[in-house]
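Asker: This is the structure, below, for whatever I ask next.
The values are calculated or read from the model by the stated rules, or taken from the named source; none is laboratory data. Remember, predicted model here, so these are calculated numbers, not experimental data. In this analysis, Cβ positions are derived from the backbone assuming ideal geometry, glycine residues included, and neighbour counts consider all displayed protein chains.
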Amino acid sequence: MKKLSRQDLYDILVGCTILGTGGGGSLEKGLDLIDKAIQAGKEFVLAGLDEVPDHAMVGVPYMCGAVSPETEEQEMKYRGLPRIGEEPALKALEEMEGYLGEKFYGVISTELGGGNTAVAFYAAAMLGKKIIDADPAGRSVPELQHSTFYINQLPIYPVAVANDFGDVVIVKEVVNDERAEALVRAMAVVSGNSVGVVDHPARMGDIKNAVIPGAISYALEIGRAFREAGENGKDIAAEVAKAGGGCILFKGRVSQYSWDTVDGFTIGDVTITGEGEYAGSTYKIWFKNEHIISWKDGSVDVTVPDLICIIKDEEREPLTNPNYEEGMRVTVFGLPAPKEWRTGEGVKAFGPRHFGFDLEYIPLEEKYGLKA
């Protein structure tokens with residue numbers, strides 16, 4: 001087991017923001033949570049899968065909803081309601097323990113994202129639980145069924161859902177993960193587009209073969225590559241792409257973008273006009289919370305489950321949706337998806353056809369001639 005330092009935690013969350021492919025929550029808010037727990041004297045302890053007893057109970061705390069900011073209309077809608085003053089995912093974790101009548105040994109992050117990974121870390125630290133070095137996504141994903149739990153047919157229920165206002169729901173049973181997605185998303189829609197969730201409570205022995213091992217360590221590696229590239233004046237996107245076995249896809253300036261909050265998701269697209277060696281070309285990305293598919297000069301380039309990541313060149317920061325500005329200089333790079341997503345079941349659950357695109361998934365390495 002490893003006690004994570006503040007630098008480790010910051011590197012992990014920056015790595016998670018990159019691997020979040022535009023989604024996964026706010027890095028700024030994630031870092032604030034980490035500092036809040038540190039100031040409270042809490043520790044963050046990372047445990048490998050082989051260090052957790054098979055009988056230990058683990059759960060998956062996270063936030064679910066849109067990644068776009070709350071509108072003035074939404075703020076007015078909820079202005080008269082009380083606020084519980086507690087992180088909803090932490091509240092959901094406590095409520096799940098009460099429902100089960102058993103304490104959790106540790107937590108697993110539902111995805112790699114600057115906000116959602118921090119939420120899991122914060123809940124673990126505040127309640128003295130271990131952080132498991134694994135996750136069921138290896139990136140950020142928009143829907144609850146986009147998980148390796150789903151493709152391994154592990155039940156998602158019971159599910160605890162809590163919001164900022166003090167509403168708490170325990171879903172004892174649910175037909176399937178798609179139905180769980182619909183139910184939880186519906187509660188998010190009436191809760192300012194954000195709710196805390198805990199799902200997949202299970203014994204470690206039952207869950208350890210249905211997650212991506214070493215996911216947090218991978219995020220740490222990506223975050224360190226990002227930081228060290230910046231400290232040494234190197235091309236950040238190129239160094240991070242190299243660390244993740246990927247490649248640069250495009251460089252240019254944001255020329256057009258649009259987005260809306262639809263049914264609890266942030267949905268939109270961005271167009272980038274090429275510069276330098278990419279002058280004369282355009283690059284378009286469509287996102288549903290996360291980047292899903294991209295086109296170069298009108299031809300399909302990269303699709304899920306592979307990762308489409310963006311760095312703001314001048315600010316030297318990862319870019320999250322929908323925080324674009326016209327004229328913003330960016331670099332787009334691709335990273336290969338974890339092998340778990342490249343199975344037949346993985347592509348069926350989280351490939352382009354799931355999002356309505358009648359396309360075959362072509363791995364990034366094959367398209368760009370990279371070493372597998």
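Asker: Out of all the residues in the range 138-147, is one or more at pLDDT 95 or above, in a helix (DSSP H, G or I) and either in the same structural domain as Glu340 (by TED's automatic domain parsing) or buried (at least 23 other Cβ atoms within 10 Å of the Cβ) (or both)?
Answerer: no
Asker: Scan the range 149-174 residue by residue and report those that are surrounded by 24 or more Cβ atoms within 10 Å (Cβ to Cβ) and either touching a Lys or Arg at 6+ places or on another chain (Cβ under 6 Å) or small (Gly, Ala, Ser) (or both).
Answerer: Ala160, Ala162
Asker: Right, another one. Among the numbered conditions (1) under 25 Å from Ile12 (Cβ atoms); (2) at pLDDT below 95; (3) not hydroxyl-bearing (Ser, Thr, Tyr), tell me where Ala37 comes up short.
Answerer: So Ala37 meets the others, but not (2).
Asker: Against the definition (surrounded by fewer than 20 Cβ atoms within 10 Å (Cβ to Cβ) and at pLDDT below 95), how does Val190 come out, yes or no?
Answerer: In short, yes.
Asker: Within the range 246-270, work out how many residues are closer than 23 Å to Pro305 by Cβ and either without any contact (Cβ under 8 Å) to a residue 40 or more places away in the chain or not acidic (Asp, Glu) (or both).
Answerer: 14
Asker: If you don't mind, another one. Do you know which of the residues in the range 291-315 that are of a type in the set (Asp, Glu) and under 24 Å from Gly230 (Cβ atoms) is surrounded by the most Cβ atoms within 10 Å (Cβ to Cβ)?
Answerer: Only one residue fits best here, namely Asp313.
Asker: Another question, then. Name the residue, out of Leu370, Leu364, Leu319, that is farther than 22 Å from Ala66 by Cα and either in contact with a His (Cβ under 8 Å, 6 or more places away or on another chain) or at pLDDT 95 or above (or both).
Answerer: Every option except Leu364 fails the conditions.
Asker: From the list Glu70, Glu75, exactly one residue is part of a helix (DSSP H, G or I), acidic (Asp, Glu) and either in the same structural domain as Ser294 (by TED's automatic domain parsing) or under 21 Å from Phe265 (Cβ atoms) (or both). Which is it?
Answerer: Glu75
Asker: For the range 67-94, what are the residues that are under 22 Å from Glu43 (Cα atoms) and in contact (Cβ under 8 Å) with a residue 60 or more places away in the chain?
Answerer: Glu87, Pro88, Ala89, Leu90, Lys91, Ala92, Leu93
Asker: Next question. Considering only residues that are assigned by TED's automatic domain parsing to the domain that holds Tyr62, under 19 Å from the mean Cα position of the chain (by Cα) and of a type in the set (Lys, Arg), which ones fall in the range 184-243?
Answerer: Correct list: Arg185 only.
Asker: Here is a further query. Looking at this structure, is Lys208 charged (D, E, K, R), surrounded by 17 or more Cβ atoms within 10 Å (Cβ to Cβ) and in a helix (DSSP H, G or I)?
Answerer: Judged against the criteria, Lys208 is a match.
Asker: Let me ask something else. Out of the range 18-40, which residues are in contact with a Gly (Cβ under 8 Å, 6 or more places away or on another chain) and either within 14 Å of Glu221 (Cβ to Cβ) or small (Gly, Ala, Ser) (or both)?
Answerer: Ile18, Leu19, Gly20, Gly23, Gly24, Gly25, Ser26, Gly30 - these are the residues of the range 18-40 that are in contact with a Gly (Cβ under 8 Å, 6 or more places away or on another chain) and either within 14 Å of Glu221 (Cβ to Cβ) or small (Gly, Ala, Ser) (or both).
Asker: Tell me, yes or no, whether the range 41-49 has at least one residue that is in a loop (DSSP other than H, G, I, E, B) and out of contact with any helix residue (DSSP H, G or I) (no Cβ under 8 Å at 6 or more places or on another chain).
Answerer: yes
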